[in-house]
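Enquirer: Below you will find the structure I want to go over with you.
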Amino acid sequence: MPIPPRQIAGKNAEKTKAHNRRVVLGYLQGRDAGRAEIAKASGLSTQTVSNLVAELEAEGLVEALGRRAAARGQPPLVYRFHARGAAVLGFEVRPDTLSMVLTDLGGTALMTHQDRLSDTAPAQVLAQMAQMAAEARALPDCPRILGAGLVIPGPFGVEGLSAAGATTLPDWDAATIPGLAETALGLPVYLDKDATAAALAEGMFGAAQGLSSFAFLYFGSGLGLGVITQGHPLRGAFGNAGELGHVVLHPGGLPCDCGNLGCLEQYVSRLSVQRHLIDAGLLPAGAMGTDATIARLLAEAHPALDAWTNSAAEALSRAIGMLENLFDPQSILLGGALPDGLLDRLIARLSLPPGSVARRTDRSHPRVARGTSGRLTAALGAAALVIHDTVTPRLDAHELE
Ligand SMILES: [Zn+2]
C-alpha cells in the first residue's frame, strides 16, 4: 500500500534531522569548530547548525571551548566533541568467553570484564550481560549510556553453517537476539559480526586510524574478515560478507565443520594452533592455558609451533593476495584472540604474492600489520558500533532528497 505523502515528509524530516546531527557530531569529532564553520563545511544553514549544537550541548555530547580570536567582529564560540559526555557498552560473545567493555565516546575504556562461558544458551548469557551492565551503571560518575553493541561470530542465518562446529553459537538467531538483548539491558542494541566490529574499532582507536579503506583479519575462535571501504563497513546483503575462514585454500585438505575440505580457518585460527599443539602433546586436550604455552614455545622457538606458523603463513599469504586484489585496501591488519608475539611471528613469515595491486611504490602503510586494539578488540568494536551510529552520516543519505 502506498504511503500517504504527508507521512513520507514527516519520516524524511526525522531522518534528515538524525542525518544532520551525525554530520555536526562527525565534523566536531574531527576538529574543534564554530557554528559558522560547521555550516560552511556541511552546507547546512547556520540556524540549523545552531539548533543542533544547542541540542547536542544540552545532551552533553558537545561542549563550548571559548571564543576564538577573529579578524573583526564578535569572535566565534568554538565547540568540541565531548568524548566523556556519554558512554557505550560493548559485548563480545564467543563460544567460550563473554567480554564486556564500557567506554566513553573516544574509546577510552572505563571498565572491562571477561567471563568464561560454560553455557552459551542465549538466556544464560543475556542474564550475565545484564549483570555486567548493572555493574557498569554502578560505576561512580558513569556517564549516560547511549546503547550497547553486541558482536557474535558469523555467519548469520545460514543453514548448516551457523549452528555447526566449535567456532559458532547455536541458538543465537540474529533476527531475535537484538530484541531479547534490548529487554535484558534496557538499552538500544546494535548487533554485528565480531570481525566487522573489530575492524571499526581498529579504524576508530587503533592502527587503522586515518585509513578510510582497509581490511581486518579477526582471530576469534575461527577466522573472520572485516572490510571498511571508504569509511563504511561492508556487510553484504545478509550481514555475512567476510566469511574468509570458510574460503577453501587447500582443496581436498582438512575437513571443516561447514562441510568443505581445506577451509582457511583449519590452518589459520586459534582453534587450528590449539589442535596442532594438542596433537604434538604440548597442550592438554581442552586447550586450557593456550596463551601461556604459546608464549613459552615462542620464546623457545619450538619446532612444533614453528611448523604451525610456517603452514599458517603460507595459507595466509595466499589469502592476503586475494584480499588485496579484491578490495584494494590501504593496509591489512591482523588482531584478536592470538597472542601479539604469535601474530608478529606470523606476519614476519608471510611471503606476500608479487602479483598484487598492493605493490605500489607510494605506499604510506605496510601491506600487513598487527592491530593495536588488543585482546578486547571485538568488544571494543561492539562499543564502536554505537559510536559509529551516533557520529557517522549514513551512506543512504541520498534517500532524503
Ligand atoms: Zn569451513
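The values are calculated or read from the model by the stated rules, or taken from the named source; none is laboratory data. These figures come from a predicted structure and were not determined experimentally. Every residue, glycine as well, gets a Cβ built from its backbone with ideal geometry; the counts of neighbours run over all protein chains shown. Calculation scope for accessible area: heavy atoms of the full protein, side chains included, ligands and nucleic acids excluded. Shrake-Rupley method; radii C 1.70, N 1.55, O 1.52, S 1.80 Å.
Enquirer: Could you tell me whether region 338-393 comes out rounded, prolate or oblate from its Cα gyration tensor? Rule is a ≥ b ≥ c as square roots of the eigenvalues, rounded for a/c under 1.5, then prolate if a/b exceeds b/c, otherwise oblate.
Expert: oblate
Enquirer: Relative contact order for region 95-238 using alpha-carbon pairs under 8 Å, separation at least 6, rounded to a whole percent?
Expert: 19
Enquirer: Which aspartates and glutamates does LYS17 reach when only Cα atoms under 12 Å apart count, and residues fewer than 8 places away in its own chain are ignored?
Expert: Within the straight-line cut-off, LYS17 pairs with GLU55.
Enquirer: Still on this model: Using +1 at the Cβ of each Lys and Arg and -1 at the Cβ of each Asp and Glu in the chain, identify which of ILE152, LEU350, GLN29 lies farthest towards the dipole's positive end.
Expert: The residue sitting farthest along the positive end of the dipole is GLN29.
Enquirer: While we're here: Which aspartates and glutamates does LYS193 reach when only Cα atoms under 14 Å apart count, and residues fewer than 8 places away in its own chain are ignored?
Expert: GLU92, ASP173, GLU243
Enquirer: Starting from the Cα gyration tensor of region 276-401, take the square roots of the eigenvalues, sort them a ≥ b ≥ c, and report rounded, prolate or oblate (rounded when a/c is under 1.5, otherwise prolate if a/b is larger than b/c, else oblate).
Expert: Oblate, because a/c is 1.5 or more while a/b does not exceed b/c.
Enquirer: Same structure again: With unit charges on the beta carbons (Lys and Arg positive, Asp and Glu negative) and the dipole taken about the Cα centre of the chain, which residue among TYR190, GLY262, THR390 sits farthest to the positive side?
Expert: THR390
Enquirer: Further, regarding this structure: Summarise the accessible area of the chain (1.4 Å probe, protein heavy atoms) by the percent that is carbon and sulfur.
Expert: Accessible surface attributable to carbon and sulfur in the chain totals 53 percent.
Enquirer: Residue by residue through region 205-218, what is 3J(HN,Hα) from phi via Karplus (6.51 cos²θ - 1.76 cosθ + 1.60, θ = phi - 60°)? Round to whole Hz and write x for glycine and proline.
Expert: 10, x, 6, 9, 4, x, 8, 9, 9, 7, 10, 10, 8, 9
Enquirer: Using Cα pairs under 8 angstrom and six or more residues apart, how large is the relative contact order of region 5-81, in percent?
Expert: Contact order relative to length: 31 percent.
Enquirer: Only Cα pairs within less than 10 Å get springs; with that Gaussian network setup on the chain, which residue of LEU277, LEU200, LEU376 has the largest fluctuation?
Expert: LEU277
Enquirer: Could you give me the ³J(HN,Hα) list for region 318-325, computed from phi with Karplus coefficients 6.51, -1.76, 1.60 and θ = phi - 60°, whole Hz, x at Gly and Pro?
Expert: 5, 5, 5, x, 5, 4, 4, 6
Enquirer: Select from GLU265, GLU300, GLU92 the residue whose mean-square fluctuation is largest in a Gaussian network model of the chain (Cα-Cα springs shorter than 10 Å).
Expert: GLU300
Enquirer: May I ask you to derive the relative contact order of the chain, considering only C-alpha pairs under 8 Å and at least 6 residues apart, and to give it as an integer percent?
Expert: Result for the chain is 18 percent.
Enquirer: Which value, in Å², gives the accessible area per residue of region 234-290 when a 1.4 Å probe is used on the protein heavy atoms?
Expert: Per-residue value: 47 Å².
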